[in-house]
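The values are calculated or read from the model by the stated rules, or taken from the named source; none is laboratory data. Keep in mind that this is a model prediction, so the values were computed, not measured. Cβ placement follows ideal geometry from the backbone for every residue including glycine, while neighbour counts extend to all protein chains displayed.
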């Protein structure tokens with residue numbers, strides 16, 4: 001089973017992440033940021049990966065450090081769990097609707113961090129969650145998972161729906177990218193011979 005556990009401790013946050021890429025979508029989440037927990041649950045459920053995240057952060061300031069550092073630590077755990085990437089599909093994409101909202105996420109386990117991000121949120125806050133932190137989460141993830149990620153919210157009126165479609169599509173794109181390709185028979189999905 002492709003699993004990893006990573007801890008990250010700074011003066012601002014203490015984060016631990018455990019991930020099983022071959023799980024069933026079980027999530028145990030306690031970040032102190034309820035909306036982030038809701039979004040992480042979407043990744044686990046739709047990515048069919050088991051995910052445990054425990055976080056303590058300087059929430060008396062705001063949620064920025066916690067959300068960003070959860071993204072970083074999840075990226076580190078993902079990179080560790082995915083291993084050398086031999087025999088994987090490498091690429092994944094998904095379109096996900098939720099009522100009026102529709103998002104597309106495309107990922108390449110390229111070994112190169114890159115984020116193209118286009119979510120024209122219709123409001124600045126979802127409950128107590130600052131929508132700017134969504135980008136910080138994904139930037140932290142790609143920097144440490146060493147993946148190229150394209151995120152596009154194609155339409156939406158309700159900001160909660162916009163965000164949720166992105167996280168669901170992200171989970172499904174990850175699921176596709178880490179799927180073992182039987183035809184690849186353990187070969188590296190790159191002409192360079194490494195990723």
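Checking each residue in the range 179-195 for being in contact (Cβ under 8 Å) with a residue 24 or more places away in the chain and part of a loop (DSSP other than H, G, I, E, B) picks out 179, 181, 185, 186, 187, 188, 189, 190, 194, 195.
Filtered by the rule that a residue be free of Cβ contacts under 8 Å to residues at least 60 places away in the same chain and assigned to a helix (DSSP H, G or I), the range 154-178 gives 159, 160. Take residue 50 and decide whether it is touching a helix residue (DSSP H, G or I) at 6+ places or on another chain (Cβ under 8 Å) and under 23 Å from residue 7 (Cβ atoms). Judged against the criteria, residue 50 is a match.
Residues of the range 154-176 that are over 11 Å from the mean Cα position of the chain (by Cα) and crowded, with 24+ Cβ neighbours inside 10 Å: 156, 162, 163, 165. When restricted to residues that are part of a helix (DSSP H, G or I) and over 15 Å from residue 133 (Cα atoms), the range 47-72 contains 1. For the condition over 23 Å from residue 25 (Cα atoms), crowded, with 22+ Cβ neighbours inside 10 Å, touching a helix residue (DSSP H, G or I) at 6+ places or on another chain (Cβ under 8 Å) and modelled with pLDDT of 95 or more, residue 143 does not qualify. Put simply, of 8, 45 the only residue that is in contact (Cβ under 8 Å) with a residue 60 or more places away in the chain and more than 16 Å from the chain's Cα centre (by Cα) is 8.
Scanning the range 26-47 for residues that are under 19 Å from residue 5 (Cα atoms) and buried (at least 17 other Cβ atoms within 10 Å of the Cβ) yields 27, 29, 31, 37, 40, 41, 43, 44, 45, 47.
In a residue-by-residue description of the range 135-153, the property of being touching a residue at least 12 places away in the same chain (Cβ under 8 Å), over 24 Å from residue 2 (Cα atoms) and out of contact with any strand residue (DSSP E or B) (no Cβ under 6 Å at 6 or more places or on another chain) applies to at least one position. Of the residues 75, 87, 111, the single one that is under 21 Å from residue 163 (Cα atoms) and in contact (Cβ under 8 Å) with a residue 24 or more places away in the chain is 75. Contact map, the range 16-28: residues that are free of Cβ contacts under 8 Å to residues at least 60 places away in the same chain and at positive phi paired with residues that are crowded, with 20+ Cβ neighbours inside 10 Å and assigned to a loop (DSSP other than H, G, I, E, B), Cβ distance under 9 Å, separation 6+ or inter-chain. Pairs shown: 25/49.
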